[in-house]
Amino acid sequence: MYGYTEEKMKVTILAVGKLKEKYLKQGIAEYSKRLGPYTKLDIIEVPDEQAPENLSETQMTQVKEKEGQRLLGEVKETDFVITLEIQGKLVSSEELSKTIATQMVRGKSHFVFVIGGSLGLSDAVMKRSNYAISFGRITYPHQLMRLVLTEQIYRSFRIMKGEPYHK
């Protein structure tokens, strides 16, 4: 529909921490399989920073900075980076699809969606972001967010292709 070639397209979900829950892994695997005809999906996990429960503001910033360095180490200059932030733009599925399609027309072929750790993203990661989105003002466990995001990426490609999807 938008004149892109799937062979060149690549989507990466870049996340802090290791996904442990089997049911989330199964859901992500299912949507990843469904995405196969549209794009290549990679999931890259960077280690989370071990920290005690009660952190000072300074300690929280340090944890986010360390995780942020690991995240940025996986991002290339040419990548179109979409960060998930509570203060990001509230988008509909159609708007997300249109944003990806517009960037593809502009020559972008690698989209990196970044999910921070339990404390969120560092300032450096948010500064590198090309587009910050939010899935609402409520907080989701960052592990669950991977599944929700994978489904929304799949839905975005279905919308782009003009194919039916559940509304």
Prolate/oblate/rounded label for the stretch 5-49 (Cα gyration tensor, a/c 1.5): oblate
Per residue Cα convex hull volume in Å³ - calculated over the stretch 40-148: 111 Å³
Total charge dipole magnitude, the stretch 70-167, about the Cα centre, Cβ charges on Lys, Arg, Asp, Glu only, Debye to nearest 20: 140 debye
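What does the highest-first list of 66-73, 84-91, 124-131 look like by mean Cβ count within 10 Å?
Listed from highest to lowest mean packing, they are 66-73, 124-131, 84-91.
Using a ≥ b ≥ c from the Cα gyration tensor of the stretch 74-132 (square roots of the eigenvalues), is it rounded, prolate or oblate, where a/c under 1.5 gives rounded and otherwise the larger of a/b and b/c decides, a/b for prolate? Each step should come with its number before you reach the end.
Working: a/c = 2.51, a/b = 1.30, b/c = 1.93.
Oblate.
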The chain - charge dipole about Cα centre, Lys and Arg +1 at Cβ, Asp and Glu -1, debye rounded to 20: 580 debye
Cα centroid separation, the stretch 35-82 to the stretch 98-167 (Å): 14 Å
Whole-percent carbon and sulfur share, accessible surface of the stretch 15-92, 1.4 Å: 49 percent
Reachable lysines, given that their alpha-carbon falls under 17 Å from the alpha-carbon of residue 18 and they are not under 8 places away in the same chain: 64, 66
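The values are calculated or read from the model by the stated rules, or taken from the named source; none is laboratory data. Since the structure is predicted, the reported quantities are computational estimates derived from the model, not experimental observations. Positions of Cβ are generated from backbone atoms using ideal geometry, with glycine treated the same way; all protein chains shown enter the neighbour counts. We work out accessible area using only protein heavy atoms, side chains counted, and drop any ligands, DNA or RNA first. Shrake-Rupley method; radii C 1.70, N 1.55, O 1.52, S 1.80 Å.
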